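Peer 1: A single structure is presented below for examination.
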Amino acid sequence: MSLETLWLALLGLLLAGYFVLGGYDYGAQMLSPFLGSADAGPRPDTGPGAGAGAGPGTGPDGRNAALDAIAPFFLGNEVWLVAFAGVMFGAFPHLEGSLLSGLYPLIVAILAGLVLGNAAIQLRGRSRGARAVKVWNALVVLGGALPAVCWGIVVGLLLHGVPRRADGSFHVGAGEVFGPFALTCGVATALLFAGHGAAFVALRSEPGTAAAARRLGATLLAAAGAAGALALLLSVFGAGASMTRTGTSVVLFALVMAALAAGWWFLGRGRDTLAFTATCLATALPVLLIGAGQYPYLLSASAGGGITVDEAVADGATLKVLIGFGVVVVPLILLYQGWSWWAFRGRTGRRHPSYF
């Protein structure tokens, strides 16, 4: 395997890991008003007036079941996004320059959603007035929905192709962002992340909340499948994805739909671990669809052509220097993630207290 292929695989792995792990964070945020209060376990900071901040989706002590489920992993999952950005900057500098400049408004919106959601979750737990908590709850939902929709639009634009100017630069305007295929992908991704978050909450929560999460998650996954079918229909009629490897793309798209169907099936039967495994596959496969379906292009142009892997990658000497990053940092990320899952295994209220 060449260094270029190795670094491309690592780039895809990190983005897929971020979609899987960050995706259920965003999904849980979006579902937090709809999953009711946590079933059991006291909140560490309960005291006089602690219930005054309770609002929709919270218990009398201000706890929220969906946020409890993601609490031990919150922010840690975004390490994968930082690592992805680091690999892209170091190993694919030409892709980074073209991609960030062309998708600048969407990248800014994603970062704004991350900051907004993180701040809202932290400040929500420190608010005591009912009106203030309602505001923070709304911002928690927005902080999850905005990155989810924008990442879906980014996926849609990459699958469809980005307009290229005469000087070789890429530019995305309102017409592309609000095009039918990009918006369909945005809605589909938001629904997928929400269903993924519901599967995670079902896996982590007490029986009452888990049952509600299963019902909601099954509905969301069915809706995500319908949005995916619409995206396929647009592609068939020439207004959607433009892939260089059609056969590979069809197989990968079928796997995404199969994973959604499996998640829906297992949620309906209370098989939480299998349902979450299926939604993990459904959130990771779109990254492979972009990479394998568009190969040898890393960034395709809507008029054809684009930036190939060979054009985007750094020189061989730089890639060899960066090997230390892959050998040391990536295993550390994997070890940290594995340790955190082991340390906080089990359902909320049994093995650890509420954090938010």
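The values are calculated or read from the model by the stated rules, or taken from the named source; none is laboratory data. Quick caveat: nothing in here was measured; it's all calculated off a predicted structure. Note that each Cβ is placed from the backbone with ideal geometry, even for glycine, and that neighbours are counted across all protein chains shown. Only protein heavy atoms, including side chains, enter the accessible area calculation; ligands, DNA and RNA are left aside. Shrake-Rupley method; radii C 1.70, N 1.55, O 1.52, S 1.80 Å.
Peer 1: I'd like the orientation of helix 79-91 relative to the chain: the angle between its Cα long axis and the longest Cα principal axis, in ° from 0 to 90, rounded to 10.
Peer 2: 10 degrees
Peer 1: Rank-order 138-149, 182-193 by packing density, defined as the average count of other C-beta atoms within 10 Å over each peptide's residues, highest first.
Peer 2: Details: 138-149: 23.0, 182-193: 26.0.
So the peptides 138-149, 182-193, ranked by packing, come out 182-193, 138-149.
Peer 1: How much net charge surrounds Val140 when only the other residues with a Cβ under 12 Å from the Cβ of Val140 are counted, with Lys and Arg +1 and Asp and Glu -1?
Peer 2: Charge balance near Val140 sits at +1.
Peer 1: Dipole of the chain, Cα-centred, from +1 at each Lys and Arg C-beta and -1 at each Asp and Glu C-beta, to the nearest 20 debye?
Peer 2: 1140 debye
Peer 1: What does the accessible area of Lys320 come to, in Å² to the nearest 10, when a probe of 1.4 Å is used?
Peer 2: Per-residue accessible area (Lys320): approximately 140 Å².
Peer 1: In addition: Identify, among Phe19, Ala212, Leu274, the residue whose Cα sits farthest towards the positive end of the charge dipole of the chain, taking +1 on the Cβ of Lys and Arg and -1 on the Cβ of Asp and Glu, with the dipole about the Cα centre.
Peer 2: So the residue we want is Ala212.
Peer 1: Measure nothing but the geometry: give the 0 to 90° angle between the long axis through the Cα atoms of 246-268 and the longest principal axis through the Cα atoms of the chain, rounded to 10°.
Peer 2: In the chain, helix 246-268 runs at an angle near 10 degrees to the longest axis.
Peer 1: Quick one: with all protein chains in place, what share of the accessible area of the chain is carbon or sulfur, to the nearest percent (1.4 Å probe)?
Peer 2: Working: 10600 of 15020 Å².
Summing carbon and sulfur atoms, their accessible area is 71 percent of the total for the chain.
Peer 1: With charges only on Cβ, +1 for K and R and -1 for D and E, what is the dipole size of the stretch 111-240 about its Cα centre, in debye, rounded to 20?
Peer 2: So the dipole magnitude of the stretch 111-240 works out to roughly 600 debye.
Peer 1: By how many degrees, between 0 and 90 and to the nearest 10, does the Cα long axis of helix 330-343 differ from the longest principal axis of the chain?
Peer 2: With both axes taken from Cα atoms, the answer is about 20 degrees.
Peer 1: Net charge near Ala85: determine it from the other residues with C-beta under 14 Å of the C-beta of Ala85, scoring Lys and Arg +1 and Asp and Glu -1.
Peer 2: Overall, the nearby charge balance is -2.
Peer 1: Sticking with this one: Any idea of His94's accessible area? Nearest 10 Å², probe 1.4 Å.
Peer 2: 100 Å²
Peer 1: Among rounded, prolate and oblate, which fits the stretch 252-355 when a ≥ b ≥ c are the square roots of the eigenvalues of its C-alpha gyration tensor, a/c under 1.5 means rounded, and a/b larger than b/c means prolate?
Peer 2: It is oblate, given that a/c is not under 1.5 and a/b is not larger than b/c.
Peer 1: Let me ask another. Translational D (Stokes-Einstein, µm²/s) of the stretch 194-273 at 20 °C and 1.002 mPa s when Rh comes from the Kirkwood sum over C-alpha pairs? Working shown, then result.
Peer 2: On the way: Rh = 13.6 Å.
For the chosen part, D equals 158 µm²/s.
Peer 1: Send over a whole-number figure in Å² for the accessible area per residue of the chain, probe 1.4 Å.
Peer 2: Heavy-atom SASA per residue in the chain reads 42 Å².
Peer 1: If you average the sequence gap of Cα pairs under 8 Å that are 6 or more apart and divide by the length of the chain, what percent do you get for the contact order?
Peer 2: 24 percent
Peer 1: While we're looking at this one, here's another question. So what's the gap between the Cα centers of the stretch 1-37 and the stretch 279-329, to the nearest angstrom?
Peer 2: So the separation of the two Cα centres works out to 16 Å.
Peer 1: Taking a ≥ b ≥ c as the square roots of the Cα gyration tensor eigenvalues, with a/c under 1.5 meaning rounded and otherwise prolate when a/b beats b/c, else oblate, which class fits the stretch 238-282?
Peer 2: Prolate, since a/c reaches 1.5 and a/b exceeds b/c.
Peer 1: Still on this model: Quote the relative contact order of the stretch 114-199 in percent (integer), defining contacts as alpha-carbon pairs under 8 Å separated by 6+ residues.
Peer 2: Contact order relative to length: 29 percent.
Peer 1: Net charge within 13 Å of Leu157 by Cβ-Cβ distance, Lys/Arg positive one each and Asp/Glu negative one each, not counting Leu157 itself?
Peer 2: 0
Peer 1: 222 nm [θ] for the chain, helices only, -39500 (n - 2.57) per DSSP H run of 4+, per residue, to 500?
Peer 2: It lands at -23000 deg cm²/dmol.
Peer 1: Would you mind checking the radius of gyration and Dmax of the chain based on alpha-carbon positions, in Å?
Peer 2: Considering the chain through its Cα atoms, Rg and Dmax are 20.6, 66 Å.
Peer 1: Let me ask you something else. Quick one: Karplus J couplings for the stretch 279-285, per residue in order, coefficients 6.51, -1.76, 1.60, θ = phi - 60°, nearest Hz, x for Gly and Pro?
Peer 2: Values, residue by residue: 5, 4, 5, 5, 7, 7, 4 Hz.
Peer 1: Phe325 accessible area, nearest 10 Å², 1.4 Å probe?
Peer 2: Here the residue's solvent-accessible area equals roughly 60 Å².
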